[in-house]
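Below: one structure, written as structure tokens.
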Amino acid sequence: MKNKKETIISIDIGNHKCRCTLFNKLNNTLTILKMGTSKTNGLTHTTITDQHLFQESLHTCIKSCQSTINKKHCQIIINSPIEHPHTHTTTTAPPLLNNIKTNIQNALKDFSQHPLIFLPAGQAIYEQGLTHDEKTKGCILIDIGAYNSKIKIIQNKLIQEVVSVPIGGYTITKDLSICLKTNEETAEKLKILSCNLEENPPQKEITHNNETFDNPLIQKIIKARVSEWLQLIQKKTPKHPFIIYGGGALLKNKSAFLKNKYNISCRRLEPTSIHKNCNQLTFATSIANGIYAEKQQLLTKKSTLGIKKWFQNWL
């Protein structure tokens, strides 16, 4: 009997953006077809404030990958938008509050007739992206989002604790906007284009849209917030190397700055360690979740009972 292709959709729901990876599954092999993104609306700090806007965000994200999907042959994986401490196990119930879980199920019912697969945040990145030494000797795994940084303390092959600090990529954008007296769109461009975290940047002025900005001041503003970010993390974590990922990890020279100024060992997660065709760090979570779900056989018919038990445990 000829195997049928299945569509796998893996969605990483963030407070600022939703990111979606579309896979084809054939003979237990996943192939990345397309990646898409949308702005997250109707969700504030893991609380759904507008169900209609939230549902539109998820629909837009999926449709940015593919316009038509066969519900019978489509399974959807969701990255848990709520953090809590959990150990390295495939049976731990994902930490979703019932109302968010139900709202996500309702929002996506038009795309799949199968139960949704909810994965604990960071579990797949732990499995796919860390080295053996990092898992055993210990590291601090940090997902730098727009509004906060989610931190997992890894030691002895366990995710021992999950904490967060209220600083993310958008925090720096807002700092630049206020201090430079410019709009947030310009501030974001300046952050991306000019950030180098050097003590004495060779370029003294940056011009954008016919406006001129003091480059040493830009570096000073960014360094002050990165230093505060580090201090908050150090208060909550043991002394282990940092592994950073997420949109905020794209800040240029961040690892070198932490090493040179604070003697902190830090590396940015290589997206190709997740999948050879993953070339964007911001999609590492959605891609890792798809691969992890396949390896754990959560996408097969045999896993249906296990998934049902997960749902029963949540309720």
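The values are calculated or read from the model by the stated rules, or taken from the named source; none is laboratory data. The shown structure was predicted, so the numbers you read here are calculated from the model rather than taken from an experiment. All Cβ positions, even for glycine, are placed from backbone atoms using ideal geometry, and neighbour counts span all protein chains on display.
The table that follows gives values for the structure above.
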item: Residue count, the stretch 230-283 (criterion: polar (S, T, N, Q) and within 24 Å of Ser10 (Cβ to Cβ)); result: 6
item: Output for the stretch 113-147, where each listed residue is assigned to a strand (DSSP E or B) and over 18 Å from Ala249 (Cα atoms); result: Ile117, Phe118, Leu119
item: Flag if Ile233 is within 20 Å of Ser255 (Cβ to Cβ), of a type outside the set (Phe, Trp, Tyr) and not in a helix (DSSP H, G or I); result: no
item: Check on Gln231, at pLDDT 95 or above and exposed (fewer than 13 other Cβ atoms within 10 Å of the Cβ); result: yes
item: Count of the stretch 118-132 residues which are aliphatic (A, V, I, L, M) and either at pLDDT 95 or above or under 15 Å from Phe242 (Cα atoms) (or both); result: 2
item: Top-ranked residue in the stretch 195-228 [being over 16 Å from Tyr170 (Cα atoms) and of a type in the set (Ser, Thr, Tyr); ranked as modelled with the lowest pLDDT]; result: Thr207
item: Output for the stretch 251-264, where each listed residue is free of Cβ contacts under 8 Å to residues at least 40 places away in the same chain and either crowded, with 18+ Cβ neighbours inside 10 Å or in a loop (DSSP other than H, G, I, E, B) (or both); result: Ser255, Leu258, Asn263, Ile264
item: The lone exception for Lys71 - which of (1) within 21 Å of the chain's Cα centre (by Cα); (2) of a type in the set (Lys, Arg); (3) at pLDDT below 90 it fails; result: (1)
item: Some residue of the stretch 285-308 being surrounded by fewer than 21 Cβ atoms within 10 Å (Cβ to Cβ), modelled with pLDDT of 90 or more, of a type in the set (Ser, Thr, Tyr) and assigned to a loop (DSSP other than H, G, I, E, B); result: no
item: Matching residues in the stretch 9-57 - criterion: being polar (S, T, N, Q), outside any loop (DSSP other than H, G, I, E, B) and under 17 Å from the mean Cα position of the chain (by Cα); result: Ser10, Thr21, Thr37, Ser38, Thr44, Ser57
